[in-house]
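The values are calculated or read from the model by the stated rules, or taken from the named source; none is laboratory data. What you see is a predicted model, and the numbers here were worked out from it, not measured in a lab. Heads up, the Cβs are rebuilt from the backbone with ideal geometry, glycines too, and the neighbour counts pull from every protein chain shown. Side chains are part of the model used for accessible areas, which takes the heavy atoms of the whole protein and leaves out ligands, DNA and RNA. Shrake-Rupley method; radii C 1.70, N 1.55, O 1.52, S 1.80 Å.
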Amino acid sequence: MTPAPASTDDPKRVAEFEARIARGETIEPKDWMPEKYRRQLIRMMSQHAHSEVVGMLPEGNWITRAPSLRRKMSLMAKVQDEAGHGLYIYCGTETLGVDRHDLVLQLLSGTAKYSSIFNYPTLTWADIGAVGWLVDGAAIVNQTMLAKASYGPYARAMVRICKEENFHKRQGYEIMATLAAGTPEQHAMAQDALNRWWWPSLMMFGPHDADSPNSGELSRWGIKRKSNDELRQRFVNLTVGQAKAINLTIPDPGMTFDEDTKNWIFSEIDWDEFWRVVKGDGPCNRERLAARRKAHDDGAWVRAAAEAYAEKQARASSAA
Ligand code: BYC
């Protein structure tokens with residue numbers, strides 16, 4: 001097990017806390033927790049909430065161009081779901097004593113991270129299929145484990161979110177299956193989307209375990225139940241068969257199946273690309289932040305109206 005982190009917390013209380021985690025108990029907002037546990041959760045949950053909100057942008061881009069009313073309705077519903085997930089997780093972070101406004105400002109100032117995947121463009125309709133299938137598929141693998149996380153509000157949020165992500169994945173896979181069974185041009189469009197989204201999807205799981213500075217604490221405290229590499233492997237194993245079933249090819253010709261472990265062994269990820277995107281230099285990083293800043297500025301009147309209304313209500317109730 002990872003050595004205990006340096007902490008100013010009372011070691012006796014930390015030991016009691018860790019005993020609770022070891023017994024599989026859930027930690028709730030009013031329970032005592034080590035300061036680093038609280039900070040790790042705020043970091044990870046706020047990045048997750050930002051990802052849901054920024055993740056609306058690549059798909060929102062295609063709502064006006066969806067090829068049928070049915071596709072448009074399901075895409076609109078999906079994008080709305082992602083907004084709901086973001087708000088739900090921001091609420092979860094507030095149970096840890098932070099103000100969501102501060103978290104949003106961190107996103108807008110570019111100091112907060114969000115999932116690297118949303119810095120890639122959606123160039124064709126097939127990309128909407130690939131995002132649903134691969135991005136939501138990867139999110140389900142990751143979040144099904146987070147539904148067993150030790151912090152109650154986060155774990156419960158994940159249960160509900162995963163249910164919705166399952167619909168998202170199915171709508172994406174259905175788009176891909178339809179295109180792949182269509183004309184040669186449609187099949188080529190689906191294959192091209194898979195080629196472009198495959199590697200960024202694998203990057204969603206984060207760096208290799210050995211290069212993951214947060215994993216030690218997160219695993220020790222029952223936030224991460226499986227490691228970055230374990231979850232990535234699980235995603236690959238699940239997805240290879242799904243690609244074959246719709247006659248698409250994973251863009252990794254070096255892939256082999258290991259009979260002993262029953263794992264698909266895949267090629268090395270381009271980690272230079274991963275870190276470039278995480279650090280702000282991906283194909284769409286600037287565009288995504290500009291869109292979020294504009295949305296924030298455009299919404300200033302809504303926040304001002306809500307505050308004025310709340311003040312009016314407070315005055316009325318103090319006068320009564
Ligand atoms: N992208 O120590 P590590 C969705 C950062 S949205 C960017 O392994 P950790 C959807 C990491 O933050 C759902 N940054 O970190 C929405 C850390 O930096 P800091 C998205 C990444 O936390 C709309 C550093 O690299 N899912 O489904 O132990 C439409 C070292 O990494 C990434 C979540 O947010 C990355 N890919 O593990 C469709 C899941 N990977 O903070 C779909 C919740 C790593 O130390 N998050 N970094 O400066 C997690 O499960 C974990 O945070 C991660 C990383 C596995 C992502």
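Points to keep in mind about this one:
- Amide hydrogen proximity for Asn263: with H placed 1.01 Å from N in the peptide plane, the residues at 5 or more positions away or on another chain lying under 5 Å are Asp258.
- The HN-Hα couplings worked out from phi for the range 156-172 by the Karplus form 6.51 cos²θ - 1.76 cosθ + 1.60 (θ = phi - 60°) are 5, 4, 5, 4, 5, 5, 4, 4, 6, 4, 5, 5, 4, 5, 5, 5, x Hz, whole numbers, x standing for Gly and Pro.
- Carbon plus sulfur fraction of accessible area for the chain, probe 1.4 Å, in percent: 57
- ³J(HN,Hα) computed for each position of the range 47-63 - Karplus, 6.51 cos²θ - 1.76 cosθ + 1.60, integer Hz, glycine/proline x: 5, 5, 4, 4, 4, 4, 6, 5, x, 6, 5, x, 7, x, 4, 9, 4
- Exposure of Trp32 as accessible area (Å², to 10), given a probe of 1.4 Å and all protein chains: 70
- Placing dummy labels 7 Å off each Cα toward the beta-carbon, the span from Glu94 to Glu174 is 3.4 nm.
- The relative contact order of the range 129-265 comes to 28 percent, based on Cα pairs under 8 Å that sit 6 or more residues apart.
- Contact order relative to length of the range 11-252, as percent, for alpha carbon pairs under 8 angstrom and 6 or more apart: 21
- If the chain linking Trp275 and Thr64 were pulled fully straight, counting 0.36 nm for each residue of separation and taking away their Cα-Cα distance, it would gain 72.7 nm.
- FRET efficiency for Val240 and Leu123, using Cβ-Cβ distance with R0 set to 30 Å, rounded to 0.05: 0.80
- The stretch between Asn166 and Glu287 holds 40.7 nm of extra length on full extension. This uses 0.36 nm per residue minus the Cα-Cα distance.
- Simple spin-label estimate for Ala319 and His208 in nanometres, 7 Å along Cα-Cβ: 6.8
- Under-13-angstrom lysine pairs by C-alpha in the range 11-252, whenever the two are 8 or more apart or on separate chains: 4
- Distance in nm between pseudo-label sites at Arg43 and Ala19 (7 Å out along the Cβ direction from Cα): 2.8
- Note on Lys30/Ala310: beta-carbon distance plugged into 1/(1 + (r/R0)^6) with R0 of 30 Å gives a FRET efficiency of 0.75.
- Annotation: Cα Rg of the range 130-178 relative to the compact-globule expectation 2.2 N^0.38 Å equals 1.21.
- Solvent-accessible heavy-atom area per residue, rounded to whole Å², over the chain at 1.4 Å: 51
- Ranked by the mean number of other Cβ atoms within 10 Å of their residues, highest first, the peptides 79-85, 64-70 fall in the order 79-85, 64-70.
- Percent of Cα pairs exceeding the 31 Å cut-off, where the set is the chain: 36
- When the Cα atoms of the range 1-76 are aligned to their principal axes, the ranges along those axes come out at 61, 26, 23 Å in descending order.
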